[in-house]
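Written below as structure tokens is the structure these notes are about.
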Amino acid sequence: MSKSDITARIVQVRAAMTEASVAAVIIPHTDYHLSEYIADHWQARRFLSGFTGSAGTLVITHDTALLWTDSRYFLQAAQQLEGTGIELMKDGLIQTPSIAQYLIHHLDKGDTVGMDGMLMSVDATYELRRELEEAGLRLDLTFDPLKGVWNDRPSLPDSKVFVHDTKYAGQEAREKVANVLDNAASQGATSVFISALDEIAWILNIRARDVACNPVATSFLYLSPEGGVLFIDAAKIDDNVKSYLADNNISVMPYDGVRDYIERLPSDARVLISTSQTASEIDRALGNRAVRGKSAAAMLKAVKNPVQIQGVRQAMLRDGAAMCQALKEIEDTVESGSRLTEMSVADILTKYRSRNDLYFDQSFETIAGFGPHGAIVHYEATPESDAEITKGNLLLIDSGAQYLDGTTDITRTISIGQPTDEQRHDFTLVMKGHIAIATAVFPEGTRGAQLDAMARMPLWREGKSYLHGTGHGVGHFLNVHEGPQSIRLNDTLAPLTPGMITSNEPGLYLSGRYGIRCENLVLTVKDMTTEFGEFYKFETLTLCPFDRSLFDTSIMRPDEIEWVNNYHACVRERLMPLMPSDEMRSWLIEKTEPLTTDNN
């Protein structure tokens, strides 16, 4: 879209605001399920701003337009918003006001702030309303800023639902439903309403292609001891899936009938909703029937069962073999002098991963950032930005796949040509943080925020840092980002529990120069029991060499060098049987040779 398209659309929104007596409108980047990654039907913020990142909120007043987004997208947003008249608000920085603070400062008492109440959680709505009302502002959750503006809006996704076989899922849907209802009962509820698409997919062992890279189906789910209701477009359900759902005591009703259904529930119904994952409009429809608590499924889903864990280990083997073949082709292409671009790197990765019978899709759009583009944390190459990869800088590749038996997410930073001393120094600082997390031992009850500083300390000592989290939860043939656990500075209050899969991905980004990120997935496992209780550690799941040429062993401790060597020995041993040729086996041997103190 052109910059003039964006400015024209904002003018139309302001006309609608004037007609509705709305002084400001908030447009989050989400859907009616409060998802991070969303289908085209819900891409309102992108439609009105041109910004394509997966996080960010647009605010339009009668004389300003602003976009709040986090550090992953500062550079990308600045580039995409240039010329639109939309001001970038760098969320998370001390000097950046919150949306509520900005509106309170710039609006007059008695003004109305409008938004769609299906696009903000109960918790977030409560806090926003409280702040606005204390300042004399009103919040209207019925205002639709897109009416008459987005006339060619894409339809709701219509992919077919399929059953995720128990041989991969490891647990029957009926058992999961019972466990979720037990959790709801522990919170004082008799039934539960679920909006989160990945939770619905997990509970019912169903999958679809409604959201790119996220194998979920657009739906809502109501569960009670008498049975459940899946609110979904009936055209998405064939007879086999309908029969499967019926066998699990789940009936099917139209997607757009969900609010009428919950409004008609008996007045004495006690329906658990997750206040962080349910839209405020759903809460309004339930009224006094709502039991406002925590997700009844999040922890159950996050702690993988033995079948899932074994599946992920197998997926990592295949993914590691594909990564090695892709990295070799990338190196060979550069050495031959043939043209290689960021977008072709993504194609190479998909080529090797998709050769596997259990491959389903990417787990997110590949990030292949060369040189300065690597400093854009969630950079995605376009035909306009697609840089040629030549010797003389670093290439950051963050990618992953959805396999029927597991989800992968891996980042490798590789040197194209001879790295500079500064690049090697910075890479090694990042790896020191990575190793600190990989080797952490911690007591039961430890949360990710209590480990996060370990990854940052080598950088902090030199006045360097990164603003994104160090680790996020990862689903099983589901969303690559899932909670409730994470490793980040702000605490999500979820303990790291055996069976959880989390990323380990510290980084460093130098604007206009290069970016570095080193990511493996780790599994929380039991380590030991002492008089002080249970202690846990991480098992590294990802199998792929790090670029040995980027290590500066002069700033590494012996135990850090030993960790790298042991990891590479494991990678060599486990991936060697999957290498398809002598040439690939030789490549793997070379890439996993031990580091020595001469690597400086």
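Details
- Contact annotation: no residue pair with Cβ atoms under 6 Å, 6 or more positions apart or on different chains, pairs a residue in the range 290-306 that is under 16 Å from GLU175 (Cβ atoms) with a partner that is open to solvent by 20 Å² or more (accessible area, probe 1.4 Å) and assigned to a strand (DSSP E or B).
- Output for the range 568-584, where each listed residue is open to solvent by less than 80 Å² (accessible area, probe 1.4 Å), assigned to a helix (DSSP H, G or I) and without any contact (Cβ under 8 Å) to a residue 60 or more places away in the chain: HIS568, ALA569, CYS570, ARG572, MET576
- Cross-chain or 6+ apart pairs with Cβ under 7 Å, the range 17-45 first and modelled with pLDDT of 95 or more and in a strand (DSSP E or B), then surrounded by fewer than 23 Cβ atoms within 10 Å (Cβ to Cβ) and polar (S, T, N, Q): ALA24/THR61; ILE26/THR57; ILE27/THR57; PRO28/THR57
- Applying the criterion of being under 25 Å from the mean Cα position of the chain (by Cα) and under 17 Å from VAL22 (Cα atoms) to the residues of the range 102-126, the residue that is surrounded by the most Cβ atoms within 10 Å (Cβ to Cβ) is MET115.
- Residue within the range 422-430 that is of a type in the set (Asp, Glu), closer than 21 Å to TRP460 by Cβ and surrounded by fewer than 20 Cβ atoms within 10 Å (Cβ to Cβ) present: yes
- Annotation note: Cβ proximity below 6 Å between a residue of the range 115-136 that is within 17 Å of THR57 (Cα to Cα) and in a helix (DSSP H, G or I) and a residue that is open to solvent by 50 Å² or more (accessible area, probe 1.4 Å) and not β-branched (Val, Ile, Thr) (sequence gap 6+ or interchain) occurs for MET118/TYR32; ASP123/SER276.
- Residues located in the range 562-586, provided they are among the aromatic types (Phe, Trp, Tyr) and over 12 Å from CYS544 (Cα atoms): TRP563
- Of ASN179, ASN183, ASN151, all but one fail to be at pLDDT below 95, polar (S, T, N, Q) and either in contact with a His (Cβ under 9 Å, 6 or more places away or on another chain) or surrounded by fewer than 21 Cβ atoms within 10 Å (Cβ to Cβ) (or both); the exception is ASN151.
- Matching option when the condition is closer than 30 Å to PRO495 by Cβ and either open to solvent by less than 10 Å² (accessible area, probe 1.4 Å) or assigned to a loop (DSSP other than H, G, I, E, B) (or both), among VAL216, VAL291, VAL241: VAL216
- Failed item in (1) outside any strand (DSSP E or B); (2) open to solvent by 10 Å² or more (accessible area, probe 1.4 Å); (3) touching a residue at least 40 places away in the same chain (Cβ under 8 Å), with HIS434 passing the rest: (2)
- Any pair with Cβ under 6 angstrom, 6 or more apart, that starts in the range 329-350 at a residue that is of a type in the set (D, E, K, R) and ends at one that is buried (at least 21 other Cβ atoms within 10 Å of the Cβ) and at pLDDT below 95: GLU342/ALA381
- Looking only at the range 219-238, residues that are in a strand (DSSP E or B) and hydroxyl-bearing (Ser, Thr, Tyr) come to 2 in all.
- The numbered conditions (1) outside any loop (DSSP other than H, G, I, E, B); (2) touching a residue at least 60 places away in the same chain (Cβ under 8 Å); (3) open to solvent by less than 10 Å² (accessible area, probe 1.4 Å) are all true for SER415 except (3).
- Every residue from the range 67-101 that is part of a loop (DSSP other than H, G, I, E, B), open to solvent by less than 60 Å² (accessible area, probe 1.4 Å) and in contact (Cβ under 8 Å) with a residue 60 or more places away in the chain: ASP70, THR84, ILE86
- With respect to (1) open to solvent by 30 Å² or more (accessible area, probe 1.4 Å); (2) outside any loop (DSSP other than H, G, I, E, B); (3) of a type outside the set (Val, Ile, Thr); (4) free of Cβ contacts under 8 Å to residues at least 60 places away in the same chain, the lone exception for ASN490 is condition (2).
- Test: residue in the range 333-340 that is of a type in the set (D, E, K, R), farther than 25 Å from ARG574 by Cα and buried (at least 21 other Cβ atoms within 10 Å of the Cβ): no
- The one condition in (1) hydrophobic (A, V, I, L, M, F, W, C); (2) within 28 Å of ASP357 (Cβ to Cβ); (3) in contact with a strand residue (DSSP E or B) (Cβ under 9 Å, 6 or more places away or on another chain) that CYS324 fails to fulfil: (3)
The values are calculated or read from the model by the stated rules, or taken from the named source; none is laboratory data. Treat the numbers as computed from the prediction; the structure is a model and nothing was measured. Quick reminder, even Gly has a Cβ in these numbers, built from the backbone with ideal geometry, and neighbours come from all protein chains shown. Each accessible area value is taken on the protein alone, full model and side chains, heavy atoms only, with ligands, DNA and RNA left out. Shrake-Rupley method; radii C 1.70, N 1.55, O 1.52, S 1.80 Å.
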